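Colleague: Handing you a structure now.
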Amino acid sequence: MAAKDDCPCRSGRPYKACCEPFHRGVREAPDPESLMRSRFAAFAKKEIVYLWRTLHADHEDRARGEAEVLRALKASAGTYRYAGLSILDRRDADESGVAKVLFLARLFEANVERSFVECSDFKHDGNGWRYVSGVLKSVRSIKGDPAALTIDTFPT
């Protein structure tokens, strides 16, 4: 069982020493995996402004108004209980600057499991790593053990 002050990203470190400095803007996440972990923790902690700030300019939500996206993020973050996170695979930035992180997120909505696996793309925007997009699959739709997936075996 996680201690009360453990970071929701499940790094095993206290929140204050893990994702909180990213959420507060004290420093940027140093790599795509850290950004992905901090975004999971931001959903769990309802750090909605951080979620907006870490969207890449190319993310489709950037075409919508900030206030509209913040409302949707707040509603989404408040709907779920964020129970766990596992990093399954990662890939450094390619020649176009896109890095990938494959993760398994354990979520519950009113005690109904809504867990999923996502393969996410990240790019550095000159200030820090940002979330560009992701392909999400519910764990129920995956044949076999979702925790055994890699970026190469993730069903697209």
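Colleague: Give the residues of the range 137-156 that are among the hydrophobic types (A, V, I, L, M, F, W, C) and either assigned to a loop (DSSP other than H, G, I, E, B) or exposed (fewer than 12 other Cβ atoms within 10 Å of the Cβ) (or both), sorted by residue number.
Modeller: 142, 147, 148, 149, 151, 154
Colleague: Among (1) in a helix (DSSP H, G or I); (2) in contact with a helix residue (DSSP H, G or I) (Cβ under 8 Å, 6 or more places away or on another chain); (3) free of Cβ contacts under 8 Å to residues at least 24 places away in the same chain, which single condition is residue 16 missing?
Modeller: The single condition residue 16 does not satisfy is (2).
Colleague: Sort out which residues of the range 109-125 are modelled with pLDDT of 95 or more and either on the phi > 0 side of the Ramachandran plot or in contact with a strand residue (DSSP E or B) (Cβ under 6 Å, 6 or more places away or on another chain) (or both), and write them in order of number.
Modeller: 114, 115, 116, 117, 118, 119, 120, 121, 122, 123
Colleague: Which members of the range 8-41 meet the condition of being at pLDDT 95 or above, within 16 Å of the chain's Cα centre (by Cα) and of a type in the set (Gly, Ala, Ser)?
Modeller: The answer is 29, 34, 38, 41.
Colleague: Being of a type outside the set (Lys, Arg), touching a helix residue (DSSP H, G or I) at 6+ places or on another chain (Cβ under 8 Å) and part of a strand (DSSP E or B) is true for just one of 132, 117, 49, 69. Which residue is that?
Modeller: Of the residues listed, the single one that is of a type outside the set (Lys, Arg), touching a helix residue (DSSP H, G or I) at 6+ places or on another chain (Cβ under 8 Å) and part of a strand (DSSP E or B) is 117.
Colleague: Please pick out the residue among 50, 80 that is at pLDDT 95 or above and either under 13 Å from the mean Cα position of the chain (by Cα) or within 18 Å of residue 19 (Cβ to Cβ) (or both). Spell out how you get there, then give the answer.
Modeller: Numbers: 80 fails: at pLDDT 95 or above.
Among 50, 80, only 50 is at pLDDT 95 or above and either under 13 Å from the mean Cα position of the chain (by Cα) or within 18 Å of residue 19 (Cβ to Cβ) (or both).
Colleague: Next question. Any idea which residue in the range 91-125 is nearest to residue 79 (Cα to Cα), counting only those that are of a type in the set (Gly, Ala, Ser) and out of contact with any Pro (no Cβ under 9 Å at 6 or more places or on another chain)?
Modeller: 110
Colleague: Follow-up question, since we're still on this one. Go over the candidates 101, 132, 117 one by one and state the one that is surrounded by 17 or more Cβ atoms within 10 Å (Cβ to Cβ), under 16 Å from the mean Cα position of the chain (by Cα), more than 21 Å from residue 29 (Cα to Cα) and not acidic (Asp, Glu). Outline the logic, then answer.
Modeller: Numbers: 101 fails: more than 21 Å from residue 29 (Cα to Cα); 132 fails: more than 21 Å from residue 29 (Cα to Cα).
Exactly one residue qualifies, and that residue is 117.
Colleague: Just the residues that are within 23 Å of residue 92 (Cβ to Cβ) and either among the aliphatic types (A, V, I, L, M) or modelled with pLDDT under 95 (or both), please, taken from the range 128-156.
Modeller: 132, 135, 136, 147, 148, 149, 151, 155, 156
Conditions (1) surrounded by 17 or more Cβ atoms within 10 Å (Cβ to Cβ); (2) touching a residue at least 24 places away in the same chain (Cβ under 8 Å); (3) of a type outside the set (Ser, Thr, Tyr), marked per residue:
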site: 36; (1), (2), (3): yes, yes, yes
site: 41; (1), (2), (3): yes, yes, yes
site: 47; (1), (2), (3): yes, yes, yes
site: 54; (1), (2), (3): yes, yes, no
site: 71; (1), (2), (3): no, no, yes
site: 77; (1), (2), (3): yes, yes, yes
site: 81; (1), (2), (3): no, yes, yes
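Colleague: May I pose another question? Give the range 76-96 a look and list any residue that's more than 25 Å from residue 49 (Cα to Cα) and assigned to a loop (DSSP other than H, G, I, E, B), or say none. Spell out the reasoning first.
Modeller: So the first thing to find is which residues in the range 76-96 are more than 25 Å from residue 49 (Cα to Cα), and the list is 88-96.
If the condition is that a residue be more than 25 Å from residue 49 (Cα to Cα) and assigned to a loop (DSSP other than H, G, I, E, B), then 92, 93, 94, 95, 96 are the ones that fit.
The values are calculated or read from the model by the stated rules, or taken from the named source; none is laboratory data. All values derive from a computational prediction rather than experimental measurement. Cβ: placed from backbone, ideal geometry, glycine included. Neighbour counts: every protein chain shown.
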